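Report on the following structure.
The values are calculated or read from the model by the stated rules, or taken from the named source; none is laboratory data. Note that the structure is a prediction, hence the values are computed from the model and not measured. Don't worry about glycine lacking a Cβ; one is built from the backbone with ideal geometry, like all the others, and counts go over all protein chains shown. Note: areas computed on protein heavy atoms with side chains; ligands, DNA, RNA excluded. Shrake-Rupley method; radii C 1.70, N 1.55, O 1.52, S 1.80 Å.
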Amino acid sequence: NGAGFLATFLLISAVAISAQDAITTLNKVDSVLNAFKDQTMTVQLLLIAKSGKQSERELRMMQKGSDHRLVKFTSPADQKGIAFLSLPKDVMYLYLPAFGKTRRIASHVKNGKFAGTDFTYEDMEAKKYSEKWVPGLEKTESDVIVLKLLPQKDAQTDYSQLLLTVRKDNYYPTKIEHFNKSGKLCKILTRTGIEKVNGYWYARESEMIDLTAEHKTKMIIKETGFDSKLGDELFTERYLTR
């Protein structure tokens with residue numbers, strides 16, 4: 001009947017609108033996270049065990065565009081010089097000074113812990129979410145939108161889904177819930193101290209909790225600078241070893 005047809009049509013329209021809203025929101029998230037031409041950061045890492053015992057590390061992170069990122073440890077002495085390079089198309093390299101060699105990180109080990117932290121290599125890569133994930137609208141609250149992200153068909157990821165909590169006022173993601181291959185919530189990333197510097201939004205502090213290991217890593221940005229014209233030569237295998 002006509003009423004049934006109209007109800008079905010309206011339901012399909014509503015689903016189409018929410019799918020479009022989800023895509024638009026995720027594109028805005030990508031734009032906000034990668035608005036700068038380049039970024040340089042000095043980062044303090046705190047590794048916190050279940051017992052509360054802490055260990056500290058420091059690193060420098062440089063990013064150019066949305067898909068070139070270089071990370072180099074500066075302390076402590078036993079970590080100094082460890083370097084990680086993330087390039088487009090899921091290409092990643094790791095340099096370990098103790099072995100004096102650079103190795104490419106194979107896609108099946110991207111879920112390995114990055115230098116003993118609760119971030120994996122995949123978590124550390126420079127990326128645009130819209131290039132790897134299909135978004136859906138999970139729910140809308142007064143000040144946030146929650147997106148459910150499912151991997152695209154050919155995406156190389158160790159997560160079966162992500163739940164992204166996004167601020168409505170600036171489209172900055174404040175929380176990312178990671179689900180493992182069996183669909184179980186395994187890690188939660190929370191970002192705080194969100195502020196605008198030189199017209200760009202960033203989070204001063206990020207905390208990744210590994211629910212299985214009952215361990216967490218805090219990433220605290222001590223200094224940051226934007227658009228300092230970083231050269232392409234920084235994002236090469238050769239530069240990793242310097």
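Table for the structure above
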| read-out | value |
| --- | --- |
| Nonlocal amide H pairs with Ser160, under 5 Å, H built at 1.01 Å | Phe179, Asn180, Lys181, Gly183 |
| Sulfur and carbon atoms: percent of accessible area, the chain [1.4 Å] | 53 percent |
| Cross-link table Lys132/Lys218; Lys72/Lys113; Lys132/Lys175; Lys101/Lys187; Lys28/Lys187, entries beyond 21 Å C-alpha to C-alpha | Lys132/Lys218; Lys101/Lys187; Lys28/Lys187 |
| Most mobile of Ser66, Ser228, Ser51 in a GNM of the chain (Cα contacts under 10 Å) | Ser51 |
| Computed accessible area, Trp201, all protein chains, 1.4 angstrom probe, square angstrom | 80 Å² |
| For the chain, accessible area per residue (1.4 Å probe, heavy atoms of protein chains only), Å² | 53 Å² |
| Residues with amide H under 5 Å from that of Leu211, placed H, sequence gap 5 or more | Lys187, Ile188 |
| Ellipticity estimate at 222 nm from DSSP helix runs (n ≥ 4, -39,500 (n - 2.57)) divided over the chain, nearest 500 | -5500 deg cm²/dmol |
| Sorted peptide list for 191-197, 170-176, criterion being average Cβ within 10 angstrom, highest first | 170-176, 191-197 |
| Neighbourhood charge, 11 Å Cβ-Cβ cut-off, centred on Ile82 and excluding it, Lys, Arg +1 and Asp, Glu -1 | +2 |
| Principal-axis tilt of helix 2-33 within the chain, Cα atoms, nearest 10 degrees | 20 degrees |
| Using alpha carbons only: equivalent-ellipsoid semi-axes of region 19-136, gyration tensor based, whole Å | 28, 17, 15 |
